[in-house]
Each structure stands twice: as C-alpha cells, then as structure tokens.
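Note sheet for the following structure.
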C-alpha cells in the first residue's frame, strides 16, 4: 500500500487523524470546547453562589450542586488532547502501536484494513489491534472505517480538507458517537 499522499500534510495536520480513522480535529478533547463551556458555567454558578440557593431555586440538594461544580472544574481543567498521532489518546492503544510499528500514519495504509473483520480469532484479547479497532468502530458507528476507506480513495490531503470544512460548519465527533455504552460493555466483557 502506498502512503496516500502523506507528504502533502504538515506535521500538525498529521495530528488531526488518528491511526484508527477517527478525525481528532473534530474531537472536543482536541478542540477544547467543553473546557471553555465548563469554565464559563462554573464561573456563573460559583459567582452567583447557586449552591447556597439550589434547594430553593432549583430543588437540588446543596451536596449535589457541589458535586456538579466539582465535575465542571474537572472538565474546565482537563488537559487538551494533542491528537493520537501527537501522543494523545489512549497511551496503550494497540491500534496506534500497530500502525507505528508498520511505519504508517493510519490503518488506511495497511492491506489488512479493516483487520477487525478478518481476524476474529483474536476476540478474547482486548489488547490486540483488531479487537480494539472493533470497539472503536462500534463506538464511532463505523465512521472511522468510512474515513479510512475515504483516505484510500482520495488520500490524506483531501480528507483533511473536507473534514476541516465540516468542523468549520460545527461538526464534532460527538455527532457520530454511539449512545450505547460501548466502552463499558467492552470493559465488562474483558473483565478490565
């Protein structure tokens, strides 16, 4: 498989695409939107001392309001992810390790892509790239695989350009993430 015009991307642009096909450039953890929103909401709630009047105004226990503020503080202070190919994401991701071992940017460069469909014998080991890719693919409702297929068809440059246009129009990865508890189910299945 050829490199699909990787050389047409800047180093920073390579950080926009995860090895598994997720477009990190549309991820809130990359963009930091929830950080900013949480910061503003925390400022308003704390500034108005809503905790003091929560039982009266909102019918919410003060302890629950304090817990909510603590969650907002965690969101506000969360580290912005630089993208999977820049050291962000899951630090022990077997998909990232597999791609890096092969010298690829993404699975699109691999002739076995998508390996989750051709390697069912690994279904009992959550640390294989194919099982991890399967979990990611379920969580992202097959969007990551569509991105990888699109890269194979048009190359990295065009995918990045198209995705950046979508992001400018408001697209986020949350628009495609399944509402099912995919990660929780996988953790339970593999007793992690």
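Brief remarks on what is shown
- Taking the criterion of being surrounded by 18 or more Cβ atoms within 10 Å (Cβ to Cβ), under 23 Å from the mean Cα position of the chain (by Cα) and assigned to a helix (DSSP H, G or I), the residues of the range 15-53 that qualify are 24, 25, 26, 29, 30, 38.
- If you go through the range 1-14 and pick out every residue that is surrounded by 12 or more Cβ atoms within 10 Å (Cβ to Cβ) and part of a helix (DSSP H, G or I), you end up with 4.
- Filtering the range 73-98 to residues that are farther than 16 Å from residue 135 by Cβ and assigned to a helix (DSSP H, G or I) leaves 73, 74, 75, 76, 77, 85, 86.
- Cβ-Cβ under 8 Å pairs, at least 6 apart or on other chains, the range 38-62 side in the same structural domain as residue 75 (by TED's automatic domain parsing), far side surrounded by 11 or more Cβ atoms within 10 Å (Cβ to Cβ) and not in a helix (DSSP H, G or I): 50/58; 54/60; 54/61; 55/61
- Residue list for the range 124-142, restricted to those being in a loop (DSSP other than H, G, I, E, B) and either modelled with pLDDT under 85 or touching a helix residue (DSSP H, G or I) at 6+ places or on another chain (Cβ under 9 Å) (or both): 124, 125, 126, 127, 128, 140
- Residues satisfying the stated conditions in the range 160-192, i.e. under 15 Å from the mean Cα position of the chain (by Cα), surrounded by 13 or more Cβ atoms within 10 Å (Cβ to Cβ) and in a helix (DSSP H, G or I): 163, 167, 173, 182, 183
- Test for residue 83: is it surrounded by fewer than 15 Cβ atoms within 10 Å (Cβ to Cβ) and either under 25 Å from residue 158 (Cα atoms) or touching a strand residue (DSSP E or B) at 6+ places or on another chain (Cβ under 6 Å) (or both): no
- Residues that are modelled with pLDDT of 90 or more, touching a helix residue (DSSP H, G or I) at 6+ places or on another chain (Cβ under 9 Å) and not in a loop (DSSP other than H, G, I, E, B) within the range 101-123 comprise 107, 108, 109, listed in sequence order.
The values are calculated or read from the model by the stated rules, or taken from the named source; none is laboratory data. Not measured: the values here are computed from a predicted model. All Cβ positions, even for glycine, are placed from backbone atoms using ideal geometry, and neighbour counts span all protein chains on display.
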